[in-house]
Each structure stands twice: as structure tokens, then as C-alpha cells.
1. Could you tell me how many degrees, from 0 to 90 and to the nearest 10, lie between the Cα long axis of helix 350-360 and the main elongation axis, the longest principal axis, of the Cα atoms of the chain?
2. Determine ³J(HN,Hα), in whole Hz, for all residues of region 60-71 in sequence, where each value follows from phi through the Karplus function 6.51 cos²θ - 1.76 cosθ + 1.60 and θ = phi - 60°; x replaces Gly and Pro.
3. Determine the distance separating the Cα centre of region 118-159 from the Cα centre of region 213-286; give it in Å without decimals.
4. For Tyr300, put the label point 7 Å out on the Cα→Cβ axis and report which residues of region 209-245 keep their amide N under 20 Å from it.
5. Identify the GluC sites (Glu not before Pro) of region 50-107 meeting these criteria: DSSP loop state and at most 14 other C-beta atoms within 10 Å of the C-beta.
6. DSSP beta bridges in the chain, what fraction antiparallel, as a percent rounded to 5?
7. For region 14-24, what does the Karplus curve 6.51 cos²θ - 1.76 cosθ + 1.60, with θ = phi - 60°, yield as ³J(HN,Hα) per residue in whole Hz, taken in order and with x for Gly and Pro?
8. Can you give the % of DSSP beta bridges in region 257-460 that are antiparallel, to the nearest 5?
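Nothing in this text is a laboratory measurement; each read-out follows from the coordinates by a stated rule. In this text, all values refer to a predicted model and were calculated from it rather than measured experimentally. Cβ coordinates were reconstructed from backbone atoms using ideal geometry, including for glycine residues, and neighbour counts include every protein chain displayed.
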Amino acid sequence: MKNKFEKNILCIGAGYVGGPTMAMIAAKCPQYKVTIVDINEQKIKAWCSDNLPIYEPGLLDVVRTARGRNLFFSTEIEQNIREAEIIFVSVNTPTKSFGEGAGKSADLQYWEKTARNILKASDSDKIIVEKSTLPVRTAGAMERILNSNDKGIVFDVVSNPEFLAEGTAIIDLEYPDRVLIGSHETERGRQARQEIVDIYANWVPRERIITSNIWSSELSKLVSNAFLAQRVSSINSISALCEVTEADVHEVARAVGHDTRIGSKFLHASVGFGGSCFKKDILNLVYISESFGLTEVADYWESVVRINDYQEKRFVLKIIRTMFNTIADKRIAMFGFAFKANTGDTRESPGIYIARQLLDEKAHVIISDPQALQNAQLDMAGIPGKIEYEIDPYKAAEGAHAIALITEWDVYRDLDYKKIFASMEKPAFIFDGRNILNHQKLYEIGFNVYPIGKRALTRI
Ligand code: NAD
Ligand code: UGA
């Protein structure tokens, strides 16, 4: 079996990153055997079916291209470790919720367990690739654990952070802006790095494959996410200013973004950024800076998260104040719950905070989302209050006093808002947390319209 393929690649962790990333490598490189293992049996079963464990446009086609040919999913971790020459580690690295560094530093328990599993099961040299996002200098700890063996085995640790965004993962993987591979600047380190470069060179233009020292690679991943989140917080902070000055955040973003030095992407004002990584990676950066005594650096980056919390809070307060300072017993339909469009992922979604706050105010919350209702139910489990889940936005809005648009799903742009208006309590409010709706048209239909960072169109 092993000899049939040029390389034997393993990925530990079949999540949002491990699954799509390895499926792409397998699809592009039929000459390699790619196996993905996970401790979660259900997940592995789902990867082997046509009902994949994550919703990601185009993913099923890529998986189908390679599954059973050179792409395999398994819960048999030890044997697959033994057989692999290259092991990508893509386990979760959430924010630590206990002990020293709780709420900021990365919880590396899954990461370290993986390192120990690799150490235990291996009987030959291997290249270990950090795919998970990790604090800078984690590779050093990984090497110390792995190379503490008395079997005479040498492990080379390489950093290859992932930059895909959910909802566009397949395009991001097929046409990445860059692939980053860091290693020690030693002969062995450079050789290991080259092995990983060779994998990506099967489909990524060579000039897009960047190599660096291992610490730069680890840090660049945290910094990339911090910079992206900072842009969102920057424009969101300005949205608050727009609302009190009658400037329009969309016009400001367009004018500012036309400067090629600034660029136009990631300047969409919103209810706030969500997702499993922005907050966790910034807080990790904050923690690392603090632990090196760089208080000013830590404060600077922490403010990005503070503005995000402020933006979510502002959105809820606007709903309450606008609706005559009470939303008790009022039906509020939430259009969208995922942290962004085209994913069912709700991790750190602003929707979670907003729903909780609305329930706290004793509102009756109806959550609608084309893909995220299952996750929404898990997120809201055990939270007291009146809450319903309804996939059909027309039904969700029936009898509602207000609609709060949380996720920029295309389906919400083209609904029959006349019909929706007719079915709602009056006065009917719409809070567009993504600025994707036609506000003038909604106003003409009869809604009181509250966008982000723009003048409200209101009849009362
Ligand atoms: P995830 O939770 O979706 O997947 C992680 C998987 O690892 C889970 O299925 C879990 O069961 C498995 N796992 C944990 N411990 C294991 C062990 N000892 N052996 C085998 N499997 C184990 O997480 P994710 O979103 O794929 O993120 C993984 C890493 O990639 C994180 O460090 C994250 O910061 C980073 N990242 C995520 C994204 C994203 O879009 N989600 C993008 C870039 C980078
Ligand atoms: C982000 C990065 O874009 C990826 O490069 C990175 O690999 C990934 O994090 C990660 O490390 O997990 P992702 O979180 O999937 O990807 O999605 P983004 O498109 O970055 O959106 C993040 C959040 O910011 C979403 O809630 C989105 O709605 C919000 N956002 C984004 C805005 O509010 N305004 C914008 O202009 C852009």
C-alpha cells in the first residue's frame, strides 16, 4: 500500500482546516497518499459520507475527487502515525478557560497530546508540520517533546499556518494569496521545508510560496489575523461616529479604501467580527506581548477586541432604545446566526451575544439561518427565555416587532419585504447589522430602518 504513493501524508485533526486543506492536497496530488485522522468518530463517519461535517461551498466536489483514491479518513491514529512520513497537525487551539493565562493564552493541551501520541507511535524519522495557529515559539516546545525520545528518531518541525477563510475555503486553498512555510535555518530544517514546498508547488505558483524562519512563520499567522480584525474594528469604530455626524460609513470606507496604500477590502462595517480565530488569536498576541513585558503593545491589540465588544453592545442598545426602551414580550426575528455568510459555523458569532442580550431583556427571539440552526441550538442550549428556531425567514418574521439582520446571507437581500412587512406588528423595525439591504426601498414599504453607520430612515 505504502509503496504505491510517492509520499505518505497524515493530518491529525479533521476540522474546518484539516478536512478542506488535506482534501485539496489530495485532489491536486494524486501521487501522494493523504490520510486524515480524528478522535471524533462521528466526524470521521461524516467525512466518509456525502453529508460532510462542515458546510463549505465546493468542498464536497473536492472530497469526492480524491476520497477512496488517495484521500482517506480514519480514527486509527497510531498506525497512521507510524506509516506517515509527513504529519500535519491541525487540532484545535482554543483560548484557555482555566488557570494561568485564562481568557487570553492558547490552550495547548490538544496540541501537546498530539505531540505525545506522535512520539509514542513513531518508529522512524518524520516531518511534523504545524498547521494549527500557535503562539510564537511553540515549535520549540514541540521539538523538545518529540526529540526527547530514546529511539534514535529525529523529528523536524516546520510551520505552515493556514490562511483560508470559512465560506471561501476552497477558492482560498486553490488560489492562495500565499503559502507560508517556516523552518529552522539549518540544513535539516531547510530540507524539511523544501519537502513541504514541493507539495504546494504541485498547484501553487512558486512566487506565492513564501519561506521564512520558523518563528516569523508562527508569528505572521497571529499578526495576519490581528491586522484583518483591526481593519474591521477600525471601520466599526468609525460607524459609531458616522451615526452621530450624518456621515455615511459606506461612503467613508469607499473614499478611504480607494487609496491604494489602504485598499478597499475588510472595511465593511458590521455588528462585529466573529469566528473561532480573530478574538482568540488577538488575545493570544496580547498574552504573548504581556508575558514579554510589552504592556503598550498588548494594550494596543486588546483595544481591537474592546471595539468589537462595544460594537455588539451598541447594536443591542440601539434595538432597545429605538423600540421605546422595552422589548419585553416583543418578537424579534434574527436573520442569520452564522458568524459570516456561506458557513454553518457559529463560533464566537455576534449572534450569540445579541440573542443572549435580547433574551435578557425578555424579548421573544426567533432565530433563522439557512445553515447554522443546528449550531445555534447548541450555542443557546440552557439559556432561559422564549426562543424559537425557524429556517424560513418569512415564518420567522410573522408577527414580529423587529428584524435584526446578523449575517449577510444573499437570501436575505432578495426577500419579498412587502410581504414580510404586511405580516409584522407595527411600527415595524429593521436593524440591518450588515448594511446589505436596500434601505430606501424598505423605508418606502413602511419599515423604520436602522443601518450601521448610516442615517436611520424612520417614521416615528
Ligand atoms: P476544529 O475544532 O474544527 O478541528 C480540530 C479537530 O481536531 C477536531 O475535530 C478535534 O476532534 C480534533 N482533535 C483534537 N485533539 C485531537 C487529537 N489528540 N487527535 C486527533 N484529533 C484531535 O478546529 P479548526 O477550525 O479546524 O482549527 C484548527 C486550527 O487551525 C486552530 O489552531 C485554528 O486556529 C486554525 N485555523 C482555523 C481556521 C478556520 O477557518 N477555522 C483557519 C486558519 C487556521
Ligand atoms: C479569518 C481570516 O480571514 C483567515 O485568513 C484566517 O485563516 C482565519 O480567520 C482563521 O485563522 O481562522 P474567517 O474568520 O473564516 O477567516 O472569516 P473572515 O472572512 O475573516 O471574517 C471574520 C469576521 O469578520 C466575520 O464575522 C465577518 O463577518 C467579519 N468581517 C469581515 C466584517 O465584519 N467586516 C469585514 O469587512 C470583513
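1. Relative to the chain, helix 350-360 is tipped by roughly 50 degrees.
2. Couplings: 4, 4, 5, 4, 4, 4, 10, 4, x, 8, 9, 10 Hz.
3. Between the Cα centres of region 118-159 and region 213-286 lies a distance of 34 Å.
4. Under 20 Å, as judged by backbone N against the label point of Tyr300, lie 216-238 of region 209-245.
5. On the way: sites: Glu76, Glu78, Glu83, Glu85, Glu100; in loops: Glu76, Glu85, Glu100.
Those satisfying the criteria are Glu76, Glu100.
6. 5 percent
7. Values per residue, Gly and Pro as x: 9, x, 4, 9, x, x, x, 5, 6, 4, 5 Hz.
8. Numbers: 1 of 20 bridges.
The answer is about 5 percent antiparallel.
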